[in-house]
Amino acid sequence: MARTNKIMINNLIADARLDSDLLNDLSELADNLLTAKGFKEAELSITFVDNLKIKELNKTYREKDEVTDVLSFPIDEELLGEVIISLPRAVEQAEDYGHSLRREVAFLMVHGLLHIIGYDHKNNADKTEMRQAEEEFLERHGFSR
């Protein structure tokens, strides 16, 4: 199936090589999610960074001086925004949760993209709705736990 949205993936970690199958899976997954949510011809950037960079961004934009796993920056309806993923943190969490890096990176990307299109988890009801949307979408596209 032809993709309708433009998904750009950037790796800003000099010594990390990302598997091309994983990158293709992420691009397809992002396009499928956007299409399912009614987006056509939108652009999304997914960027992989190290812990130092994500900590710097988290401090600058969220005033939290700590490493996090994923950040989302909405922009507008055409260039939706950017999902930034800490690859080292994703590796740690995959090990902690006992699943593959592929699954963890897919989860983080979906989580970040849902934030960009309006989901949040500031209260329990919103958190439940967001988690359900994440898991249903990942399951449907072969990223089960």
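The values are calculated or read from the model by the stated rules, or taken from the named source; none is laboratory data. Since this is a predicted model, take the numbers as computed values, not measurements. No Cβ is skipped: glycine too gets one built from the backbone with ideal geometry, and neighbour counts run over all protein chains shown. Just so you know, the surface numbers come from the protein's heavy atoms only, side chains and all, with ligands and any DNA or RNA stripped out. Shrake-Rupley method; radii C 1.70, N 1.55, O 1.52, S 1.80 Å.
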For K53, the lysines lying under 22 Å Cα to Cα, once residues fewer than eight places off in the same chain are dropped, come out as K64
Rounded to the nearest 500, the 222 nm mean residue ellipticity computed for the chain from DSSP H runs (n ≥ 4, each -39500 (n - 2.57)) alone is -16500 deg cm²/dmol
Any lysines whose Cα falls less than 22 Å from that of K6, other than same-chain ones fewer than 8 residues away, would be K37, K40
With the 1.4 Å probe rolled over protein heavy atoms, segment 32-85 has an accessible area per residue in Å² of 56
One finds the C-alpha centres of segment 114-131 and segment 13-76 to be spaced, in Å, by 17
Reviewing (i) 41, 33, 25; (ii) 36, 36, 31; (iii) 51, 33, 31, the figure for Cα extents along the principal axes in Å actually calculated from this model sits under (ii)
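Rounded to the nearest 20 Debye, what is the dipole magnitude of segment 21-145 about its Cα centre when Lys and Arg each give +1 and Asp and Glu each give -1 at the C-beta?
Its charge dipole is roughly 260 debye.
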Placing each pseudo-label 7 Å from Cα in the direction of the beta carbon, K59 and R17 end up separated by a distance in nanometres of 3.3
Excluding ligands, DNA and RNA, the carbon-plus-sulfur percentage of the accessible area of segment 2-145 with a 1.4 Å probe reads 44
